Structures are given as C-alpha cells and as structure tokens.
Amino acid sequence: MNFTKVKQSLKAHEGLRNLPYEDTEGNLTIGVGHSLETPLSARAIETILEDDIHLHMQELDRVLPQWRTHSDNVQDTLLELAFNLGAPRLLTFKKMLKALDNRDYLTASAEMLDSKWAGQVGKRAETLAEAMANG
C-alpha cells in the first residue's frame, strides 16, 4: 500500500474541512471525512490540545502582550484562564489585570477568587489562584 497516495486520494475525494459538517448521510464529520461519532485517538487529542494551547498563547500575545514578562507560574495561570474563559472574558477581570500590572500577585489571586468564574470552576480556581499568589 502507498500510504501517501491513499492519503492524497482521500483528501481529493472527501475534501478537507476544519469545521464540522454533515456528510451525505447526515453524520457530523470533520477534517477529511472523520465522523465525530468515532472516538479520537490519544495522539489526535494531544495534537488538538497542543494546537489549542498555541492558539491561546497567540491570543494572549495580542490582547495582553505583557503576559510574557511575568514568572512561569503567572504565565501558566494566565494561559489556563485564557484557555478556560477565552480572551474576551479574561479581559473582564480588570482588577486582577490591574494587580498584575503592579506585580501584586496576592491581590491578583484574591481577585480571581472573588469572581463568578471561581464559583463555577471550584477547585480549579483555588489551584490557579494559589499559583498566581506564588507569582
């Protein structure tokens, strides 16, 4: 079997779509004819996660360019917040962001915990707030 040839042929016949669509049978599909009823492999999940992390890093670079000037703990926390909330909602944490501008990580941590988000995510908020507090 010529794997490369088959792969190219499948792309030509199935098409390549980066958003879900219904195939001719009405099955939700993505990529090159991948049914969303079929479980993803561990490798595919890791690839998607890594792509998503890079997307959120780019988003943070765009909306909070100073995020990379902080320690790894703070950068990791901001990245998790962006991943969980999306950049637009992260930008609504105005008091936390102001505290970050002042490198006041204890206040930034407290502001994280004093949010609707903290009530929604429970232990995750505590873990991330602790990382933030440790600057």
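General observations
- Fully extending the segment from residue 49 to residue 23, taken as 0.36 nm per residue of separation minus the present Cα-Cα distance, adds 6.8 nm.
- Straight-distance crosslink candidates among aspartates and glutamates, where the alpha carbon sits under 17 Å from residue 123 and sequence neighbours closer than 8 are dropped: 76, 80, 111, 114
- Within the same chain, lysines fewer than 8 places from residue 95 are excluded, and of the rest, those with a Cα less than 18 Å from its Cα are 116.
- Within the listed set 107, 38, 69, the residue fluctuating most in the Gaussian network model of the chain (springs between alpha-carbon atoms under 10 angstrom) is 38.
- Charge context of residue 44, other residues only, Cβ under 12 angstrom, K/R +1, D/E -1: -2
- Positive end of the dipole of the chain (Cβ unit charges, origin at the Cα centre): among 86, 117, 32, the Cα lying farthest that way belongs to 86.
- Counting every C-alpha pair in the range 42-133, the share spaced more than 19 angstrom apart comes to 36%.
- Neighbour net charge for residue 84 - beta-carbon separation under 15 angstrom, K R +1, D E -1: -1
- Top of 121, 32, 63 by mean-square fluctuation, Gaussian network on the chain, Cα under 10 Å: 32
- Under 5 Å, built H, 5+ apart or other chain: amide partners of residue 17: 31, 32, 33
- Between 55, 40, 64, the residue with the greatest mean-square fluctuation in the GNM of the chain (Cα pairs under 10 Å linked by springs) is 40.
- With neighbour counts taken as other beta-carbon atoms within 10 Å, the residues 105, 21 rank, fewest first, as 21, 105.
Values quoted throughout were computed directly from the atomic coordinates according to the rules given, and no laboratory measurement underlies them. All figures in this text were calculated on a predicted structure; none of them were measured in a lab. Here the Cβ is made from the backbone with ideal geometry for all residues, glycine too, and neighbour counts use every protein chain on show.
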